[in-house]
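Everything below concerns the one structure shown next.
Values quoted throughout were computed directly from the atomic coordinates according to the rules given, and no laboratory measurement underlies them. Just so we're clear, the structure is a prediction, and the values are computed from it rather than from any experiment. Heads up, the Cβs are rebuilt from the backbone with ideal geometry, glycines too, and the neighbour counts pull from every protein chain shown.
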């Protein structure tokens, strides 16, 4: 089986969160075979860099030659180059082998430790940038390379255009260091400038973000994607990898390089879990009395869900019958209301499943008899723009519930509004817990 190949020319991170380790994990996650040329060995962990031992520049060149002579390298990326001699050799080899190269001008580690000597900055600027298909500096790196003080997205755009004028085919200035409510990355190329805007993840993973982004772009280029498509795909990947980072070590959390692969692998599982929940409900006395007039739905999220098509639910809702209920097939993306509510909860806490129940005196009395955390919300308190907007009520309800709860908002009692049926929304950490909570309500006298 043949596969696309990418090359990383970078330093080794013994902590595994950045450097060639992060590059190779990312390339593998994108379905690309990763090869490497190691420029430096670092002794580091999640808290900082303790030491570094540089490979001789001629040996870095030998590694690159060995890879390119044997593999059909579709794209390369550069990371830590450490010194001027190595930076010069890498620039020379990229040109000699006519490689499409993503240049991540790594200057300082996330911990603050310097990874590029000051005399090497000039070599990166004068020799490596003109060989770059794309250069991906963060704001401080862009300032160092261009002299533009990058403190706003507009300044980032100016710096990106300046990097293109300095010889790079395109430049992506990342905005994680900027003091903005959102993270704004700015791409400049021959077509103009484009912004990639993402919510800022408070407390999200920060170790290895630059490595993961540049490696993702290189992997997509190796697969034949256009530059703009490669950047868009990498941006999408990085947001999820940062939001669901890996908590290892005592320092900064690491980017979760396999987050999309593991999320995709769980799609069939959550469909099965939703079906199993229906089977459990069919055997639960009193369940049919919990189903609202407008119908009920059950949503089960993949572990790293961000979109409605990553929530398994019942097609067309669960409907009450004289003797029980009817439900159609379960599929991803079948739910609107429950999926939006569950996704909104996940912005704040670890919720994996949710459903809606009838809101009447009997259900409320049954809820009071359980140990569940009950929250009441009043739709009259919604801002006008939420009430009048499309689909905003579920997001507002989730945020209001989280704010009011003393912990996890197990059950939210919504009195409804004009034309809106009163409802109870149950949430749980997973499908099994949701089933137990529904049963606890159904079986109360």
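Is the shape of the range 190-289 best called rounded, prolate or oblate, per the rule: a/c under 1.5 gives rounded, else a/b larger than b/c gives prolate, else oblate, with a ≥ b ≥ c the square roots of the Cα gyration tensor eigenvalues? Let's see the in-between values first.
Numbers: a/c = 2.72, a/b = 1.94, b/c = 1.40.
Prolate.
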Taking only Cα atoms of the range 266-442, radius of gyration then Dmax in Å: 14.8, 43
How fast does the range 5-262 diffuse by Stokes-Einstein, in µm²/s, taking the Kirkwood radius from C-alpha pairs at 4 °C and 1.567 mPa s? 74 µm²/s
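Which peptide among 166-174, 289-297, 250-258 comes first, and what is the full order, when sorted by highest mean count of other Cβ atoms within 10 Å? Spell out each step's value before the answer.
Numbers: 166-174: 23.8, 289-297: 19.0, 250-258: 20.9.
Per-residue Cβ counts within 10 Å, averaged per peptide and sorted highest first, yield 166-174, 250-258, 289-297.
Calculated FRET efficiency, residue 151 and residue 293, Cβ-Cβ r, R0 51 Å, to nearest 0.05? Before the final figure, lay out the partial values.
Details: r = 55 Å, r/R0 = 1.07.
So the FRET efficiency works out to roughly 0.40.
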I want to check the label-to-label distance for residue 165 and residue 50. Put each point 7 Å from Cα in the C-beta direction and report it in nm to one decimal. 4.6 nm
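Could you tell me what percent of the DSSP beta bridges with both partners in the chain are antiparallel, to the nearest 5? Present the calculation step by step, with values, prior to reporting the outcome.
Working: 42 of 68 bridges.
The answer is about 60 percent antiparallel.
Under the rule of -39500 (n - 2.57) per DSSP H run of 4 or more residues, summed and divided by the residues of the chain, what mean residue ellipticity at 222 nm is obtained, to the nearest 500 deg cm²/dmol?
Working: 15 runs with 167 residues, N = 445.
Rounded to the nearest 500, the figure is -11500 deg cm²/dmol.
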Hey, quick one: spin label on residue 70, modelled 7 Å out along Cα-Cβ, who in the range 29-44 has an amide N within reach, i.e. under 11 Å? 36
How large are Rg and Dmax for the range 247-299 when calculated on the C-alpha trace, in angstrom? 18.3, 51
Length added when fully stretched, residue 228-residue 440, from 0.36 nm per residue minus Cα-Cα: 71.2 nm
Using per-residue counts of other Cβ atoms within 10 Å, averaged over each peptide, order 207-215, 153-161 from highest down. 207-215, 153-161
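Provide the gained length on full extension for the span residue 250 to residue 191, in nm with one decimal, where the gain is 0.36 nm per separating residue minus the Cα-Cα distance. Spell out each step's value before the answer.
Working: separation 59, 0.36 × 59 = 21.24 nm, distance 4.33 nm.
In short, 16.9 nm is gained.
Shape of the range 323-373 from its Cα gyration tensor (a ≥ b ≥ c, root eigenvalues): rounded if a/c is under 1.5, otherwise prolate when a/b > b/c, or oblate? Before the final figure, lay out the partial values.
Values: a/c = 2.62, a/b = 1.17, b/c = 2.23.
It comes out oblate by the Cα gyration axes.
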I'd like the FRET efficiency for residue 126 and residue 429, computed as 1/(1 + (r/R0)^6) with the beta carbon distance as r and R0 of 41 Å, rounded to 0.05. 0.15
The range 18-84: proportion of alpha-carbon pairs further apart than 21 angstrom, %: 30 percent
Using only Cα atoms, find the angle between the long axis of helix 209-222 and the longest principal axis of the chain, and express it within 0 to 90 degrees, rounded to the nearest 10. 80 degrees
Could you please state, rounded to a whole Å, how far the C-alpha centre of the range 18-97 is from the C-alpha centre of the range 167-192? 24 Å
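What shape does the range 160-233 have by the C-alpha gyration tensor, where a ≥ b ≥ c are the square roots of the eigenvalues, rounded means a/c under 1.5, and otherwise prolate means a/b greater than b/c and oblate the rest? Spell out each step's value before the answer.
Numbers: a/c = 1.98, a/b = 1.31, b/c = 1.51.
Here the range 160-233 falls in the oblate category.
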Whole Å is fine, so just give me how far the alpha carbon centre of the range 322-344 lies from that of the range 271-309. 6 Å
Degrees between helix 267-282 axis and first principal axis of the chain (Cα, 0 to 90, nearest 10): 10 degrees
Nearest 10, in degrees from 0 to 90: the angle of helix 227-243 to the longest Cα principal axis of the chain is 60 degrees
